[in-house]
Amino acid sequence: MKPADHLSLYATRRNRLAALMGEGVAVIATAPEKLRNRDSHYPYRFDSYFYYLTGFIEPEAALVLVGGKSLLFCRKRDVEREVWDGFRYGPEAARERFGFEEAHPIGELDELMPTLLENQPVLYYPVGAEAEWDTRVMRWLHAVRARARTGVAAPERLHNVYALLDDMRLIKDAHELGVMRRAGRVAAAAHRRAMQAARPGRMEYELEAELLHEFRRNGAQFPAYSPIVAAGAHSCVLHYVANDARMSDGDLLLIDAGCELDGYASDITRTFPVNGHFSGPQRAVYDLVLAAQRAAIDKVRAGNGWNEPHDAAVRLLAQGMLDLKLLSGSLDEVLEKETYKRFYMHRTGHWLGLDVHDAGEYKRSGNWRTLAAGMALTVEPGLYIRAADDVPEPLRGIGVRIEDDVVVAETGCEVITAEAPKLPEDIEALMRDA
């Protein structure tokens, strides 16, 4: 992105937020650094809301919107600390580089905020998000109230600024979609690499290493979440992350892994046979889940309700469970009593963007949200058949999930992770040719 485009993108978002506010002051801080153990920190990751409005990735920073101006508070230049920790912009360079009207040292925030809050009717701030910041905000408000006898008024209302930003973040702009498409391609390449590297006798973590290598090799800064590499019965554990078992001949392998590229997440799940060939029972379950995903994706289009893809997948999966003798009764009974949840217990998707489970409500006033062009979500039906006496023996321990990242269009949708193979014949051909 060119510098001018960079300035315009984030300034436009800040202006949109200011217009939604109408009046008052907004305060959005970035994420704090976190200790992993003793004096070793976790890799730093900025707050998504803050980054969405600023593009600024350094810790110890806050954004203030007031009176039509955007003010950045950030760390000062410090030559000694930069020897240890690397370059930091400092207020003046950050103001020019990121297009703020003003920039100040973060150490001046507590001094300046009471003045900025004077005679403002409302404070937009994410109450409860960070206890330390809640304490600071209360100190600012008390300082303003202490001046009431001089005719100064403190904000009478507190509004959650995230509620306004959630609606903004739901609709991705052209820049966001471009980054997300790149993240989808990188993650898809990692899944192809894992399919080609799979062999009976190898360890799950060996394939995890292949995924992480491909992510970083293509410029992704982090995995978007802890990868799931689950062989055999582990594929029936939804959040399995140990990734330390040996893969056996005849196992299915479920890999749920995505990368984070320039702040944006991808999220892909593929399930395939370790030995490169689906058995009959494995193929029957796989084909059912694939058909459910197709039915769900067909419902991802502007004007449809959020719940329609899920309902389409559930109906097809429920009928399949009856056909496979996993459940008994009629389809209507299975749907009404939700007995299908024994083998399919999660929703069919979630919002996707700067966070893997991205910002935005799924219901408004008790009604499922209507899909609109530019929304991004996952579509991820699955079937998890844990071993039990009443489960047909050939199906025991088979877990299948197929997940893609999808962008809503005016007509239909765009699957931005389609480069990860999911047709059984394509998977088998890729593994055969490895």
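The values are calculated or read from the model by the stated rules, or taken from the named source; none is laboratory data. Everything numeric here is computed off the predicted structure, so don't read it as measured data. Neighbour counts run over all protein chains shown; Cβ positions are idealised from the backbone, glycine included. SASA here: full protein model, heavy atoms, side chains in, ligands and nucleic acids out. Shrake-Rupley method; radii C 1.70, N 1.55, O 1.52, S 1.80 Å.
Details
- Ordering of 84-92, 320-328, 98-106 by packing [mean C-beta count within 10 Å, highest first]: 98-106, 320-328, 84-92
- Note on Lys34: lysines with a C-alpha under 24 Å away, same-chain residues under 8 apart excluded, are Lys76.
- When the chain is treated as a GNM with alpha-carbon contacts under 10 Å, the residue of Val356, Val144, Val25 showing the greatest mean-square fluctuation is Val144.
- By accessible area, using a 1.4 Å probe on protein heavy atoms only, the chain has 50% of its surface on carbon and sulfur.
- Mean separation of Cα contacts under 8 Å, 6 or more apart, over the residue count of segment 1-128: relative contact order %: 28
- Note on segment 234-345: semi-axes of the ellipsoid equivalent to its C-alpha gyration tensor, largest first and rounded to whole Å, are 26, 22, 13.
- Listed peptides 185-191, 171-177, 207-213 by packing density, highest first (mean Cβ within 10 Å): 185-191, 207-213, 171-177
- Segment 30-91 versus segment 316-360: alpha-carbon centroid distance in Å: 42
- Cα-Cα pairs of segment 189-299 separated by more than 20 Å (percent): 41
- With protein chains left intact and a 1.4 Å probe, residues in segment 369-434 average 39 Å² of accessible area per residue.
- Inter-part distance where segment 208-248 and segment 102-178 are each reduced to a Cα centre, Å: 40
- On the basis of the beta-carbon distance and an R0 of 60 Å, Arg81 and Asp249 show a calculated FRET efficiency of 0.65.
- Top of Arg95, Arg401, Arg77 by mean-square fluctuation, Gaussian network on the chain, Cα under 10 Å: Arg77
- Computed over Cα pairs, the Kirkwood radius of segment 45-120 leads via Stokes-Einstein (1.306 mPa s, 10 °C) to a diffusion coefficient of 122 µm² per second.
- Isotropically averaged projected area of the chain, using the convex hull of Cα atoms (one quarter of hull area), nm²: 24.6
- Extension gain, Glu419 back to Leu20 (0.36 nm per residue minus Cα-Cα distance, nm): 139.8 nm
- Here Lys341 is the anchor, and the lysines within straight C-alpha reach of less than 30 Å, apart from those fewer than 8 places off in the same chain, are Lys299, Lys325, Lys363, Lys422.
- Computed on the chain, with alpha-carbon pairs under 8 angstrom and 6+ residues apart, the relative contact order is 13 percent.
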